[in-house]
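Below you'll find the structure, written out as structure tokens, and then a few comments.
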Amino acid sequence: MTTLPAKLQAVLARIARAARQCGRDPADVRLLAVSKTWPVDVLRQAAAAGQRAFGESFVHEGVGKVAELRALGLEWHFIGALQSNKTRLIAESFDWVHSVDRLGVAQRLAAQRPASRPPLSLCLQVNVSGEATKRGVSLADAPALAHALVGLPALRLRGLMTLPAASDDWLEQRRAFRRLRELSEQLQADGLPLDTLSMGMSHDLEAAIAEGATLVRVGTAIFGERHRV
Ligand SMILES: *Cc1c(COP(=O)(O)O)cnc(C)c1O
């Protein structure tokens, strides 16, 4: 059986190889360990192996882990569906939110971010493949929403996030991620100071890095198959 530290190292090696293959500095691609459904003992193992940033999809589970592991000084990213009635817990506990796709929840996060905390880093989630079932703002509506988010207090718009339709086809993976990169370039040309492209998971991180990902969100390749969700 492969140990967690070995799987983590293997993912970091995949990231480095993918970056070098397209002439990028491996240090420009961060690894977010998606730890949803895994118990805190497993997160402790990953932290002991050097992993600092963790992604959670369920509010109560995530808030519990943040509290239990506070002494480790980890960085916490919320990547799941945003419900209006749970924004306060997220604003109080997390450092990043990747799944902002409407102004209302961002306004709530802005109002509820404790003054004692640094601004909450945000990514705008964009639905690049246009599937009705996927969350995220459409490519057409994203620029107006991005500009609106920049004006909110206690928040800092860092970039864009996407979760495209799963595909085993390299060119199709590249196409989806390219749409997010092109949108990011357009917004930067408009003057938005974005530094983050959150895209790529266990099965498609190489394609995402080839299209400019600065942060890949990886669960299964580090922790193994999840038994739920
Ligand atoms: C679960 C999840 C991931 C990780 O997916 P893996 O295939 O396990 O690497 C990444 N991003 C989001 C938004 C997720 O919900």
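The values are calculated or read from the model by the stated rules, or taken from the named source; none is laboratory data. The structure presented is a predicted model; accordingly, all values stated were derived computationally and were not measured. Here the Cβ is made from the backbone with ideal geometry for all residues, glycine too, and neighbour counts use every protein chain on show. Please note that ligands, DNA and RNA were not included when accessible areas were found on the heavy atoms of the full protein model with its side chains. Shrake-Rupley method; radii C 1.70, N 1.55, O 1.52, S 1.80 Å.
Listed values, structure above:
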| item | result |
| --- | --- |
| Residue match in region 118-136 (condition: farther than 27 Å from L205 by Cα, more than 16 Å from the ligand (Cβ to nearest atom) and of a type outside the set (D, E)) | yes |
| Residue check for R135: under 19 Å from the mean Cα position of the chain (by Cα), open to solvent by 20 Å² or more (accessible area, probe 1.4 Å) and either without any contact (Cβ under 8 Å) to a residue 40 or more places away in the chain or over 22 Å from S57 (Cβ atoms) (or both) | no |
| Region 146-162 - residue that is crowded, with 19+ Cβ neighbours inside 10 Å and farther than 16 Å from P193 by Cβ and, of those, nearest to the ligand (Cβ to nearest atom) | M161 |
| Subset of region 47-104 (residues that are β-branched (V, I, T) and within 16 Å of the ligand (Cβ to nearest atom)) | V59, I79, I90, V97, V100 |
| Elements of type strands (runs of 3 or more DSSP E) in region 112-213, at least 3 residues being closer than 27 Å to Q9 by Cα | 155-161, 196-198 |
| Within region 182-229, tally of residues that are charged (D, E, K, R) and either buried (at least 20 other Cβ atoms within 10 Å of the Cβ) or within 16 Å of the ligand (Cβ to nearest atom) (or both) | 7 |
| Elements of type strands (runs of 3 or more DSSP E) contained in region 1-110, each with 2 or more residues being among the aromatic types (F, W, Y) | 75-78 |
| Exclusive hit being surrounded by fewer than 18 Cβ atoms within 10 Å (Cβ to Cβ), more than 30 Å from L139 (Cβ to Cβ) and of a type in the set (G, A, S), set A27, A67, A46, A81 | A67 |
| Selection status of L109, away from the ligand (no atom under 16 Å from the Cβ), modelled with pLDDT of 95 or more, closer than 23 Å to L145 by Cα and touching a helix residue (DSSP H, G or I) at 6+ places or on another chain (Cβ under 6 Å) | yes |
